Structures are given as structure tokens and as C-alpha cells.
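Each remark here refers to the structure printed beneath this line.
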Amino acid sequence: MHEQPVRFLARPDRAGSVSHGRDKALEGDDPYELVGVHYPIPAGVDGDREVARCFVEEFALMGWTPERIRGLFTTPHYTGAREIVERRGMGLVDEVIAETFGLRHEAEER
């Protein structure tokens, strides 16, 4: 079974209303249109945790602090991260940040 891609930026309410620049309506085969694809997750894998870990690790490698990364998950402009919080809550994000930065280990040693 082949699922149809999820088109995140398609805006049928404005299709054809603007013909230039960043507000131009996206066409069906536009290579710049953001497209998400569903894929199966193996049993026992926590997909939200894995995606959250990817977000946290990505920004940690760029030098962001745990506090700044935590704020990313509440930003309406970063939809993927915010959706994880809406589904699972900030507790999951806090756990992943603590694991990534080794904060739990430090607290246990004190």
C-alpha cells in the first residue's frame, strides 16, 4: 500500500490569488513545497522520543543551551517540535534534554 504524502504548505484557500514572491501559491509539483511522508515505526520504538532526541541533539551540537532548546519546543514556528509537546507534554522533552546533556547523571552524583 502506497500512502499519499502529507503536504504541509498547501493552501487551497489562497491558490492562484498571488502570482509572485514568497506568497505565491505552490503548484502540485513545486520542488520547494515541504512534504512529509508517513512511514511505519517498528513495535517498541517511541517515535516521538526519537524525533525529540534528534531535535535536541541537532541544536545541542550547534551550542544551544538546554533552556534555549526547551523553548524551541513551545515555539509555534517550529511545528514538528511543538506537535511532540502537544501529544506527549513537556515532561518528555525535559527527559530527552536531561539524557542528551547528561543532567540526570550529574544530579545523581551530587
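Can you name the number of the only condition in (1) part of a helix (DSSP H, G or I); (2) at pLDDT 95 or above that Asp48 fails?
For Asp48, the failing item is (2).
Within region 51-110, take every residue that is aromatic (Phe, Trp, Tyr) and part of a loop (DSSP other than H, G, I, E, B) and give me the one that is modelled with the lowest pLDDT.
Ranking the qualifying residues of region 51-110, first place goes to Tyr78.
The values are calculated or read from the model by the stated rules, or taken from the named source; none is laboratory data. These numbers were taken from a predicted model, which means no experiment stands behind them.
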